[in-house]
1. Could you give the nm distance between label points at residue 34 and residue 139, where each point is 7 Å from its Cα heading toward the beta carbon?
2. Give the lysines reachable from residue 59 as a straight Cα distance under 22 Å; neighbours fewer than 8 places away on the same chain don't count.
3. In terms of solvent-accessible area of protein heavy atoms at a 1.4 angstrom probe, what is the ranking of 43, 57, 202, highest value first?
4. Between residue 187 and residue 43, what is the FRET efficiency for a Förster distance of 25 Å, r being their Cβ-Cβ separation, to the nearest 0.05?
Amino acid sequence: MSDIDQSGIFRIARAGQAQEVPAAPLNLGLRVRDLRKERGWTLERAASQAGLARSTLSKIENGQMSPTYEALKKLAQGLSITVPQLFTPPSRPQASGRMAVTTAAEGQAQATATYEHRLLAGAFRTKRMLPYTARIRARTLEEFGGWVRHDGEEFLYVLTGVARLYTEFHEPVDLRRGDSAYYDASMGHNIISLSPEDATVLWVTSLV
């Protein structure tokens, strides 16, 4: 098992030119750290996924050791990528130019016993986030008949009134205009209005 030379130069062929030009050397430690953070993983989780010691992964990320090929295979498998992808610089995102505007008079309303949702950016059938406003009708936790759970993460921002956010693993928290919360949506959660009028909130749910 041989060590990997992190100072190796990757060659990029330019269209219309016969010669190859050197690209900036890729820092394996930074690449591994970026891949881990893209997934929202701690060092502990990433090390566990790869079957490596936390200290080993930390040294790799900080450039304090060159991993063996076996360690590279474990890293790649834990990150669900191939070994070559560990040494491939991330591609630059291309701007798509997509934009959707929802005026105050627009938005598809969906009423339930506890909420009245107004979907935003409805012109896009495929998107990575689901933005919507909601009027909170519920006044007690019992009105829900159980926790709400779904995939993804969620951002909540109070627009008017006072709302109380209940979550499965935390104490209830009261939120007023301008307050916000970001949480794991697979954790049970419900929200009720505490103010005389229905509280209104902006919700953004991740879809990936």
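The values are calculated or read from the model by the stated rules, or taken from the named source; none is laboratory data. All figures in this text were calculated on a predicted structure; none of them were measured in a lab. With ideal geometry, Cβ positions are generated from the backbone for all residues, glycine too; neighbour counts draw on all protein chains shown. Quick note on the areas: whole protein, heavy atoms, side chains included, nothing else; ligands and nucleic acids left out. Shrake-Rupley method; radii C 1.70, N 1.55, O 1.52, S 1.80 Å.
1. Going by the 7 Å Cα→Cβ label model, 5.4 nm.
2. 37, 73, 74
3. Result, largest first: 202, 43, 57.
4. Values: r = 23 Å, r/R0 = 0.91.
After rounding to 0.05, the efficiency reads 0.65.
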